Every structure is written in structure tokens, then in C-alpha cells.
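Written below as C-alpha cells is the structure these notes are about.
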Amino acid sequence: MRFSSYNIFTAPLSNGEHILLNGLTGLMDMIDEEAYEVVSSYAKEESIPLEIMDKIEVIRDHFLERGYLTELTPEEEVAKAESIAFELSSKRDPDQWSVVLVPNLGCNYRCTYCFEKEGGYPSKVMTKEEVDAVFKIIKDKIGPGENITLYGGEPLAKENRELIEYILKKCEEIDNTCFAVTNAHDLEHYMDLLGRKKISSVQITVDGPREIHNSRRIALDRESSYDKIMKNIETALKETDVSVYMRINVDLRNSPYILDLLDDLDNRGILNNPSFGVLANNVVGVGELTLVNEGFQKLSDIVQKRYPKIDYAFSGRASDTEERFFPAVNLGQKIPLRVSVCGADNNLRVFAPEGAIYPCWSCVGGSDDVIGFYDESGSIRWNPETNEKWTRKMVGYKTKCIRCRFAFICGGGCIRPALPNEESANIYDCDYYNNQFEDQLVKYTDSFLAAGNDSCRSTESKGSVGNETRADYQQKSRGDEHEK
């Protein structure tokens, strides 16, 4: 018998206890220092000495039941992990889609880090017949009330106005609204289409104060993109009930200027508007200029001192940890396990002009990742080879990931195509889970204790009685780890 290779254990909490959780069962317990010393000392041993087994006899059955102890060899446990991955994957419904529409591939910006620049932003626009075909295809694949994402190119370019009106009409017919990823340069042409039953929310990228932003997100007409965007955001928040989410793509070049941006947003009365939110993400594919998790944490600490209400926006993967561990820490429930961070390997469908269907919006415009073609009759011709390539991005197929103790907590990281200058598509995720996750879990759990809770409960499993746990919930989207 040995300790599971998928055990995760932390440094002591403020009350002296340690967190022990298992990445295969999703179960978590609080253990004292004596138990921690045994678990940590023999974590990598192939067998536990008999005298140690005698020492932990009181908790042995409990540890076996919850997966902390195992009679499987390391390789047998990896095989078990693969089996769990395929079982979890089989429970996902491939007939319930997340739908993205790409009205056009052209764009009125030339952002320095955009992945689509390799394709040259071709002047391809969806026809109304293609829109009709898409809605015929998706009518039974998406539930009422769900958002359909508008992506590009630049979906809300002024030239697209008539097409967007047509798309919104089709959405209304099936009781759906739209979420748009837009640079907002032409947003003044869409004010009457913004609102809860139309384009209910928009994501707008601003990368710093005026000079920094304008040097990274360059308008084709050379107009100050910053001034145009800010004016449109102010108008949208004043005249419509649209929700505005500002995305800040951060790397080492613009991170020193983020507070200047926040100060300007505050001075304009945007930052505290109840319909406004902000979320920072690291730019990928920029090599040594990538702001890794340690840098994000420093930025978060700086932001928190001046703007404590939005410190969540700069917490990086920490917010995901809080979200995923809320059921365990606060409610004593099992930690939800996952086999991917989005539906690109299963049910994300991105419909583009000229009949192309992509599995991920980070491959829009490319030819290597087209998983199928739709025609104006509403028929689909799938590409089995490309479909299989993306299906096999599920964590159970990843020989490195499936051996990682964080596999089902991380989900295998972003599965977008690899980008130039990027050694690993998941370098950011691996850095976080290997170097910061445990400390973040301790920090988060201690905040639960500091709020006056006596102690955590162990997470419950079928057939076992649980004790307490904790965490705080902050909903965050992982579905748009792209740079737009």
C-alpha cells in the first residue's frame, strides 16, 4: 500500500491544520500536523513501512475510501486516471452546443499580438443565407435564453450593421440573445441594438492608458482607438442597459501602466458603474515578455491597495481556484472534476463565412483546424480527421497531463493551437498549479476561518459522512483565453 500519486497537500493553515485532497476522487480533508508529516514524508514511496501503517491504523480505512491511500501501483493508478477521464468525458452532452458566429473575418484594427494577423484579415462576410443555415442547424442544439457569441474579425464594424440586425432577429425567433467580443471602435452605430434582449453584453479590450493602448491596438484609420472606445463605453453605459466587460491583455510591456488606466476609468465614472466589469488576462505567444503568475500576483496586490473592489479582476488563476473550491470549502461538497477547460474538444461550434466550422475561436481564419463545413441547406459535412485531433485534446489523451496530480482540477489547460514564440500552450497553467495553487488554497481557506467560521468540513462522498470546508465564489469565464 502507498499514498496516491494524485494527493495534493498544503502548508499549514492559520489554525495549524493542513489541507489534503485527492485529484482523482475530488475529496478533501483537514489533517493535523502528525498526519501531514506521514503523508508528506512517504508521498513518493512505492510502499509504506508496516510500522507507519500501524501508526495510521485509526485513519487508514478513511484514507483508503477517499483515495489518499491506494493499493494500485503508480502505473495502475495512471490507468485509473485515464478511465476516470473517459468516464467524465462520456457524461458531457455533445448535442448541446456553445455557439459562436463570426459575421466577418475583416477587422478595422491591427493589434500587435492578434493571432488572426497571420491570415491577413480577409474580406469575408457571412451571407444571410449562411445565417439562415446556421440557425437551422443550431435550433435544437442550444437552449432558450442562452447567449450566442459574436466574434470576428470585428463583428460590430459599421459595415456589418444590416447583417447584425438580421442575426439578432434570428436570435429573437429562438429566444436567444448575443454576447459580442468587439473592439468597440464603431459601437456608436449599434447603440440601439445594445440591451438585454438584443446584444446583452459586450467584451471590449483596452490595454492601458491612451499612449500604451494606441501603440498595441492600432486603428486602421490611425484615429486614437483609446478615445473612441472610451467615448463609446461611456455612451453605452449611460444610454443602454448593456453589460460591459473590459478585457485587459497584460504582458511585461504594459503591466506598469495598468493603474493609470484604472485611474482614468475611475475619473470617468466608469469603474464603479454597476453594469461594468473588468478582467485582466496574460498575453500568450510573446515568449519572455509573458507575465507569469508571480507577476500577476504582484499586479493584483498593487491594484487591491487602490481599488480593492476590483482586485478579483487581476487574480489570474486564483479566481478559478476560488470558484472551483467554493462547494468544497463552504458547503462540504465534492470538488468538481473536469477533463477540459472549455468545449473545444466536445461541443464548442464556431460558424464562420464560406461555410467553415471551427472547434475554437482561436483558430478562426485558419485552414488546418476546420472541423466541418455547412451549406445553405443546413447540412454539415464533418471532417473526421480534424474532429478527432480536437477530441484527443481532452486530458485523458494527454500523456503528460494525465500523470499530473492536478489533471482533473486544472483540466489540462487551454487547448488552442500553439502560438509563435510559445514553448507550451499551457505554460501559464502549469506554472500556477505547480508553484502557486497550494499557497492560494491556503490563503483562501484562511480567509474563511478569519470570517468567523470555526473549521472546515471534509468533503462528503457517497457512503461517508463529511465534516466542514470553505471558499468564496467569484464567477469568471475561462472561455475566452484568446487575445482580441
Quick one: compute the contact order of segment 1-134, relative version, from alpha carbon pairs under 8 angstrom and 6+ residues apart, as a percent.
22 percent
Would you calculate, for the chain, the mean residue ellipticity at 222 nm contributed by helices, counting each DSSP H stretch of 4 or more residues as -39,500 (n - 2.57) and dividing by all residues, to the nearest 500?
-10000 deg cm²/dmol
So the angle from the long Cα axis of helix 293-306 to the longest Cα principal axis of the chain, reported in degrees to the nearest 10, equals 70 degrees
Report the label-to-label distance for Lys55 and Ser447 in nanometres (one decimal), using points 7 Å from each Cα along the Cα→Cβ vector.
3.6 nm
Ile427 to Thr112: FRET efficiency via 1/(1 + (r/R0)^6), r the Cβ-Cβ distance, R0 25 Å, to the nearest 0.05?
0.80
What's the percent breakdown of Cα-Cα distances in segment 1-152 across 5 Å bins, shortest bin first?
2, 7, 12, 12, 9, 7, 6, 7, 8, 9, 8, 6, 3, 2, 0
What does the highest-first list of 44-56, 361-373 look like by mean Cβ count within 10 Å?
361-373, 44-56
Given charges at beta-carbon only (K, R positive; D, E negative), |dipole| of the chain in Debye
1000 debye
Count neighbours as other Cβ atoms within 10 Å of each site's Cβ, and list the trypsin sites (Lys or Arg not before Pro) in segment 286-394 that are DSSP loop with at most 14 such neighbours.
Arg392
Listing Met191, Met230, Met28 from the residue with the fewest other Cβ atoms within 10 Å to the one with the most, what is the order?
Met191, Met230, Met28
Just the number, please: Stokes-Einstein D of segment 1-64 in µm²/s, Kirkwood Rh from C-alpha pairs, 10 °C, 1.306 mPa s.
131 µm²/s
Charge sum, other residues only, whose C-beta stays under 9 Å from Ser5's C-beta, Lys/Arg counted +1 and Asp/Glu -1:
+3
Beyond 31 Å, the calculated P(r) of the chain holds a percent of Cα-Cα pairs equal to 48 percent
Net charge over other residues, Cβ less than 10 angstrom from the Cβ of Asp175 (K, R count +1; D, E count -1)
-2
Candidates per GluC sites (Glu not before Pro) in segment 222-273, loop by DSSP, up to 10 other Cβ within 10 Å:
none
Along segment 271-276, Karplus-curve 3J(HN,Hα) (6.51, -1.76, 1.60; θ = phi - 60°) to the nearest Hz, with x for Gly and Pro, reads 4, 9, 5, x, 9, 10
Starting from the Cα coordinates of segment 319-377, work out the convex hull volume and express it per residue in Å³.
118 Å³
Starting from a Cα-only point model with no solvent, please compute log10 I(q)/I(0) by Debye for segment 227-383 at q = 0.20 1/Å.
-1.20
Over 15 Å, how big is the tail of the calculated P(r) for segment 47-110, in percent of all Cα pairs?
73 percent
Length released on extending from Ser123 to Gln96, taking residue separation times 0.36 nm less the Cα-Cα span:
6.6 nm
Across bins of 10 angstrom width beginning at 0, how are the C-alpha pair distances of segment 114-200 distributed, in whole percent?
16, 49, 30, 5
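Laboratory data are not the source of any read-out in this text; all were calculated from the coordinates shown. Everything numeric in this text was worked out from a predicted model, so none of it was measured. When we count neighbours, we look across all protein chains shown, and the Cβ atoms used for this are built from the backbone with ideal geometry, even at glycine.
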